[in-house]
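For reference, the structure is listed below as structure tokens.
The values are calculated or read from the model by the stated rules, or taken from the named source; none is laboratory data. What you are looking at is a predicted structure, and each value in this text was computed from that prediction instead of being measured. Heads up, the Cβs are rebuilt from the backbone with ideal geometry, glycines too, and the neighbour counts pull from every protein chain shown. Calculation scope for accessible area: heavy atoms of the full protein, side chains included, ligands and nucleic acids excluded. Shrake-Rupley method; radii C 1.70, N 1.55, O 1.52, S 1.80 Å.
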Amino acid sequence: MEEGIVISVIGRDRPGIVANVSRVLYLNNCNIGELTQTAIKGQFAMILIATPLQKEMISGLKEDLQNLAADLDLNINLRVVRKTELTPFASAETEPFVLTVRGEDKPGLVYGITEVLAEHGINITNLDAQTAQIGEKVEYIQFYEVDIPQNLDYRMIQEKLRRRGEEMGVIVDLQHKNIFQAINRV
Amino acid sequence: MFSSEEIIRTLEMLKNENLDVRTVTLGISLRDCVSANADDLCQKIRKKIKCYAQELVPTCEQIAKKYGIPIVNKRLAVTPIAAVAESLSEREYIEVAQTLDRVAGEVGVNFIGGYSALVQKGFTKGDRFLINTIPEVLASTERVCASVNVASTRAGINMDAVLLMGQAIKETSRRTADRDGFGCAKLVVFANMPEDNPFMAGAYLGYGEPEGVINVGVSGPGVVKKELERALQSPKKLTLGDLSEIIKKTSFRVTRVGELIAREVAQALKVEFGIVDLSLAPSPTVGDSVGEILQCLGLTSIGVPGSTAALALLNDAVKKGGAFASSSVGGLSGAFIPVSEDLNLSQAVKQGYLSLEKLEALTAVCSVGLDMIAIPGKVDAETIAAILADEMAIGVINHKTTAVRVIPVPGKDVGDKAIFGGLFGEAYIVNVPHANCSSPFVRFGGRIPAPITSIKN
């Protein structure tokens with residue numbers, strides 16, 4: 001069966017992390033397919049999917065990555081997956097929505113919201129939380145991109161999230177993604 | 001992923017700035033309903049409208065719910081009845097109008113446009129029947145809207161039609177005297193009437209339009225005003241060029257929303273998507289007024305010197321933003337100044353800032369014309385016809401659409417207030433100076449020839 005590898009890298013952000021990781025993959029005959037990288041408050045995180053051109057190279061690759069992790073003080077994790085696992089999560093037909101949570105930062109905000117989503121089988125495709133200047137105030141804001149199954153009543157979900165937000169003292173909005181696309185993208 | 005600024009701006013527009021879709025208008029061709037038998041024609045019309053429009057209101061409601069954006073009005077526009085009912089007798093035109101009224105009610109729309117005729121160059125038998133029956137139709141139906149195109153840049157102004165329409169307005173007012181002449185609010189006289197206008201009372205489905213089509217009118221002046229207010233609160237010194245840029249960007253956004261909704265409705269109803277009309281259509285609520293936008297731009301009231309320039313700036317910026325947002329722009333596309341439907345304009349009349357003459361000047365740079373203006377009930381048909389002729393001339397010479405929707409209010413005069421209710425609002429009566437001075441001119445009849453600028457080929 002055809003296999004792919006998923007590698008995650010976490011550590012203190014600095015120049016050269018991507019170069020070092022990709023060099024190891026190149027030397028072990030692996031082709032990088034998809035990759036995403038971000039850094040929050042000086043902490044680097046990367047996830048990538050690669051295809052080994054020769055299957056027997058995987059054990060050597062593991063060893064090289066472990067050495068690199070020790071040298072650069074990084075957490076590197078490698079997971080071998082079947083090609084069939086490399087497809088997005090698919091429930092029934094869904095509609096894309098943007099969920100926004102605004103207010104004062106406090107413990108349990110992410111859990112409070114995601115609990116509601118999980119209960120209804122709503123998958124998160126993108127999540128970003130940050131502080132932002134809104135007028136004169138600094139607010140804690142979470143943006144979720146979520147896929148809501150078409151058989152769910154959006155209004156009901158909207159109402160449940162709004163009530164959960166009220167309990168936690170934050171403002172929750174749920175709007176169809178197409179509106180953001182239409183208004184903001186040329 | 002969208003930036004936090006993009007997401008927050010979008011939410012603000014949806015939650016606090018009354019972003020909505022003003023109207024989704026389904027155009028339905030009635031050309032295949034033509035019959036020489038009135039019963040047969042009415043039956044065919046009923047069947048056709050039911051077939052196309054049955055799902056319009058529930059579909060709009062479902063899509064409005066999905067996006068959390070209200071669709072304020074759901075309406076129908078049909079092929080001009082003068083053409084569809086051409087073979088009938090004059091009395092039978094009334095039956096056709098009543099059929100339209102009933103079926104519009106059955107499918108749940110608030111108005112149906114298309115009790116119309118195009119007579120810029122001359123009349124057919126059916127055109128005359130239609131015009132003759134307008135007063136009775138508007139008095140005896142609830143949802144039917146009438147419109148007559150009496151002039152075009154290519155044809156000139158049909159002054160016989162202008163006089164007939166002056167008389168029709170007067171008679172419609174008389175027949176609906178108990179409602180302050182409200183029938184006239186459902187009647188528009190046009191020059192260069194657009195075939196795809198989604199707004200009432202002038203909506204109809206033109207001869208070049210498809211079998212079924214969705215045309216949409218975007219959100220109103222409230223959104224533009226809020227954006228201007230926000231920009232003006234910032235410490236940065238802004239010029240009129242900067243303010244025009246803000247209006248342009250806002251227009252882009254509201255047009256995008258309008259088109260998104262229109263395309264989705266059209267797809268659900270399996271008809272074509274036609275156009276987005278970029279008109280800023282006010283409503284009689286505070287904060288949703290073209291007059292208030294002009295106040296944001298530093299004028300004490302609409303009507304004071306500078307108003308025409310400010311309205312020109314507004315209208316142009318709205319068009320530029322909208323034209324960039326959608327390649328299917330049509331209809332009237334510009335700022336509306338319907339006096340009774342815009343609370344601020346109605347106040348401007350009361351306070352003496354806004355006169356009929358200034359309104360006429362404003363129509364040279366805005367999209368429509370003398371709209372929803374209550375005038376004294378005593379003004380005679382010839383004077384009304386002369387007002388129509390003036391407004392038609394502005395449209396014909398400037399290659400633009402102009403229209404007149406005036407309401408002579410029986411028994412009321414300057415200082416009184418006419419109350420139409422709902423979206424039609426209420427208005428103080430506007431003075432018509434120098435009435436009874438134009439009769440010989442309008443009674444000449446014939447046609448004011450097309451201007452030299454019409455010869456373009």
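Quick look at the values:
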| quantity | calculated |
| --- | --- |
| Selected residue (criterion: least open to solvent (accessible area, probe 1.4 Å)) from residues of the stretch B:62-78 that are closer than 25 Å to A:Asp173 by Cα and assigned to a strand (DSSP E or B) | B:Ile71 |
| All positions within the stretch B:121-146 that are in contact with a Ser or Thr (Cβ under 7 Å, 6 or more places away or on another chain) and either surrounded by fewer than 23 Cβ atoms within 10 Å (Cβ to Cβ) or in contact (Cβ under 8 Å) with a residue 60 or more places away in the chain (or both) | B:Ala139 |
| Only listed residue being facing chain B (nearest Cβ under 9 Å) and among the aromatic types (Phe, Trp, Tyr), chosen from A:Tyr144, A:Tyr154 | A:Tyr154 |
| Residue in the stretch A:107-120 that is surrounded by 13 or more Cβ atoms within 10 Å (Cβ to Cβ) and closer than 30 Å to B:Ser234 by Cβ present | no |
| Top-ranked residue of the stretch B:252-284 - restricted to ones that are more than 18 Å from the chain's Cα centre (by Cα) and not in a helix (DSSP H, G or I), ranked as nearest to B:Val218 (Cα to Cα) | B:Phe273 |
| Residue within the stretch A:71-91 that is touching a helix residue (DSSP H, G or I) at 6+ places or on another chain (Cβ under 6 Å), in a strand (DSSP E or B) and within 14 Å of another protein chain (Cβ to nearest Cβ) present | no |
| Hey, A:Ile113 closer than 16 Å to A:Gly169 by Cα, touching a helix residue (DSSP H, G or I) at 6+ places or on another chain (Cβ under 7 Å) and either aromatic (Phe, Trp, Tyr) or more than 12 Å from chain B (Cβ to nearest Cβ) (or both) or not | yes |
| Meets criteria (more than 14 Å from chain B (Cβ to nearest Cβ), closer than 30 Å to A:Leu27 by Cα and either out of contact with any helix residue (DSSP H, G or I) (no Cβ under 6 Å at 6 or more places or on another chain) or open to solvent by 40 Å² or more (accessible area, probe 1.4 Å) (or both)) for A:Leu68 | no |
| Those residues of the stretch A:157-166 which are surrounded by fewer than 15 Cβ atoms within 10 Å (Cβ to Cβ) and either at the interface with chain B (Cβ under 9 Å from one of its Cβ atoms) or in contact (Cβ under 8 Å) with a residue 40 or more places away in the chain (or both), in sequence order | none |
| Residue within the stretch B:287-308 that is within 30 Å of B:Val57 (Cβ to Cβ), at pLDDT 90 or above and part of a helix (DSSP H, G or I) present | yes |
| For A:Lys62: the one exception among (1) out of contact with any Leu (no Cβ under 9 Å at 6 or more places or on another chain); (2) without any contact (Cβ under 8 Å) to a residue 24 or more places away in the chain; (3) not in a strand (DSSP E or B) | (1) |
| Pair list, Cβ < 6 Å and 6+ apart or interchain, from the stretch B:248-265 residues that are more than 9 Å from chain A (Cβ to nearest Cβ) and in contact (Cβ under 8 Å) with a residue 40 or more places away in the chain to residues that are in a helix (DSSP H, G or I) and open to solvent by 20 Å² or more (accessible area, probe 1.4 Å) | B:Lys248/B:Lys320 |
| Residue count for the stretch A:167-186, restricted to those that are open to solvent by less than 50 Å² (accessible area, probe 1.4 Å), within 8 Å of another protein chain (Cβ to nearest Cβ) and outside any strand (DSSP E or B) | 5 |
| Counted residues, the stretch B:35-81 - those being more than 20 Å from B:Arg102 (Cβ to Cβ) and of a type in the set (A, V, I, L, M, F, W, C) | 7 |
| Yes/no for B:Leu388 being open to solvent by less than 10 Å² (accessible area, probe 1.4 Å), in contact with a strand residue (DSSP E or B) (Cβ under 6 Å, 6 or more places away or on another chain) and assigned to a helix (DSSP H, G or I) | yes |
| Some residue of the stretch B:206-214 being within 30 Å of B:Glu357 (Cβ to Cβ) and either open to solvent by less than 10 Å² (accessible area, probe 1.4 Å) or more than 14 Å from chain A (Cβ to nearest Cβ) (or both) | no |
| Meets criteria (within 12 Å of another protein chain (Cβ to nearest Cβ), within 22 Å of A:Asn178 (Cα to Cα) and free of Cβ contacts under 8 Å to residues at least 60 places away in the same chain) for A:Thr125 | yes |
| Checklist (1) open to solvent by 60 Å² or more (accessible area, probe 1.4 Å); (2) of a type in the set (A, V, I, L, M); (3) in contact with a strand residue (DSSP E or B) (Cβ under 7 Å, 6 or more places away or on another chain) applied to B:Leu423, failing item | (3) |
| Candidates B:Lys270, B:Lys236 - the one that is at pLDDT 95 or above and either on the phi > 0 side of the Ramachandran plot or basic (Lys, Arg) (or both) | B:Lys270 |
| Test: residue in the stretch B:241-259 that is closer than 18 Å to B:Val21 by Cα and in contact with a Phe, Trp or Tyr (Cβ under 7 Å, 6 or more places away or on another chain) | yes |
| Exclusive hit being surrounded by 17 or more Cβ atoms within 10 Å (Cβ to Cβ) and touching a Gly at 6+ places or on another chain (Cβ under 6 Å), set B:Tyr115, B:Tyr52, B:Tyr93 | B:Tyr52 |
| Subset of the stretch B:13-41 [at the interface with another protein chain (Cβ under 10 Å from one of its Cβ atoms) and either over 28 Å from the mean Cα position of the chain (by Cα) or among the charged types (D, E, K, R) (or both)] | B:Lys15 |
| Flag for A:Arg102 being open to solvent by 90 Å² or more (accessible area, probe 1.4 Å) and not aliphatic (A, V, I, L, M) | no |
